[in-house]
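Below is one structure, written out as structure tokens; the observations come after it.
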Amino acid sequence: LAPGDIEHGQQACIRDPRRLRHLKEVHRARIGDSMTLGVAGGGIGRGELLALDEEEARFALSTLNTPPPPPLPVHLVLALPRPRMLARSLEHVTALGVKTITLLHSRRVEKSYWQSPELAPDKINGHLVLGLEQARDTVMPKVNLAKGFRPFVEDVLPGLLETRRGLLAHPGMPQACPRGIDEPVVLVVGPEGGFIPFEVERLLEAGCEGIHLGPRILRVETAVTALLARLF
Ligand code: SAM
């Protein structure tokens with residue numbers, strides 16, 4: 001729910017066509033159903049479906065103060081994947097609970113990916129919301145676009161690493177991905193073809209530690225999921 005969906009504190013009304021379709025087609029909602037609802041950025045509670053038609057869905061609300069689960073202290077820096085993989089990666093990492101996502105350009109990112117309709121803010125938000133709904137979270141991660149590799153690595157990354165540990169996931173690095181850490185990290189994941197040697201050197205020089213996930217080379221969406229699951 002968006003905060004504006006709540007009416008008189010006791011009822012919520014959804015009119016957004018995408019969410020109405022999701023209620024009907026994914027949840028197969030029926031009048032009288034009781035379901036878990038979350039207010040964007042706020043609490044989670046129960047709602048009973050009172051009315052559902054082409055225009056709106058109306059719920060009676062009970063307590064909405066269970067807080068969302070805490071996010072992982074992660075700023076994910078992800079070389080921009082191809083659009084289909086971007087959608088799934090955003091959904092998975094949002095369900096796992098990262099705080100911030102920077103989509104980064106790199107030599108092996110195709111320039112055409114930056115023109116993809118999947119990067120429109122409402123498309124990105126749609127993927128984030130699917131991840132949030134799955135995890136019963138209500139707090140959107142912040143998403144930044146970094147269309148220049150060097151400006152990001154030279155001007156932005158050093159500031160992030162003043163208060164966070166930097167980890168660069170790259171096959172063949174000498175150190176295995178650490179397990180069960182509890183400190184804030186910037187986690188850097190490469191494109192489908194991997195970072196080129198120049199980029200690996202710049203990321204290490206900026207202060208990232210190179211880590212590997214074993215001898216198997218994983219697709220980007222599998223790698224980010226495995227990394228987050230192993231780190232925390
Ligand atoms: N051909 C590329 C290479 O050998 O570097 C493979 C790139 S992989 C498909 C995409 C990204 O997922 C990598 O840049 C890395 O960040 C991450 N990744 C996949 N498998 C990994 C592994 N075994 N160890 C560390 N990172 C891995």
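Data for the structure
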quantity	calculated
Backbone N under 20 Å from the L145 label point (7 Å along Cα→Cβ), restricted to the stretch 76-99	76-91, 94
Between 0 and 90°, nearest 10: helix 220-231 axis offset from the chain longest Cα axis	90
Top of G148, G97, G131 by mean-square fluctuation, Gaussian network on the chain, Cα under 10 Å	G148
In order through the stretch 185-195: 3J(HN,Hα) via Karplus (6.51 cos²θ - 1.76 cosθ + 1.60), integer Hz, x for Gly, Pro	10, 9, 9, 10, 10, x, x, 4, x, x, 6
For the chain, calculated [θ]222 nm from helices alone, where every DSSP H run of n ≥ 4 adds -39500 (n - 2.57)	-7500 deg cm²/dmol
The stretch 67-144 versus the stretch 150-213: alpha-carbon centroid distance in Å	18
Prolate/oblate/rounded label for the chain (Cα gyration tensor, a/c 1.5)	prolate
Under 13 Å, Cβ to Cβ, from C13 - net charge with Lys/Arg +1 and Asp/Glu -1	-3
Degrees separating the helix 121-135 axis from the principal Cα axis of the chain, which is the longest one	80
Per-residue HN-Hα couplings for the stretch 163-173 [Karplus 6.51, -1.76, 1.60; θ = phi - 60°; Hz; x = Gly/Pro]	10, 9, 7, x, 10, 9, 7, 8, x, x, 5
Long-range HN-HN contacts of T66 with modeled amide H, under 5 Å	I44
L218-T66 FRET efficiency (beta carbon distance; Förster radius 45 Å; 0.05 resolution)	0.85
From phi via Karplus (6.51, -1.76, 1.60), per-residue ³J(HN,Hα) for the stretch 95-111 in Hz, x at Gly/Pro	5, 6, x, 7, 8, 9, 10, 10, 8, 10, 7, 8, 4, 8, 8, 5, 4
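Throughout, read-outs are computed from the coordinates displayed, never taken from laboratory work. As the structure is a prediction and not an experimental result, all values here were calculated from the model. Cβ sites come from the backbone with ideal geometry, for glycine too, and all protein chains shown count toward neighbours.
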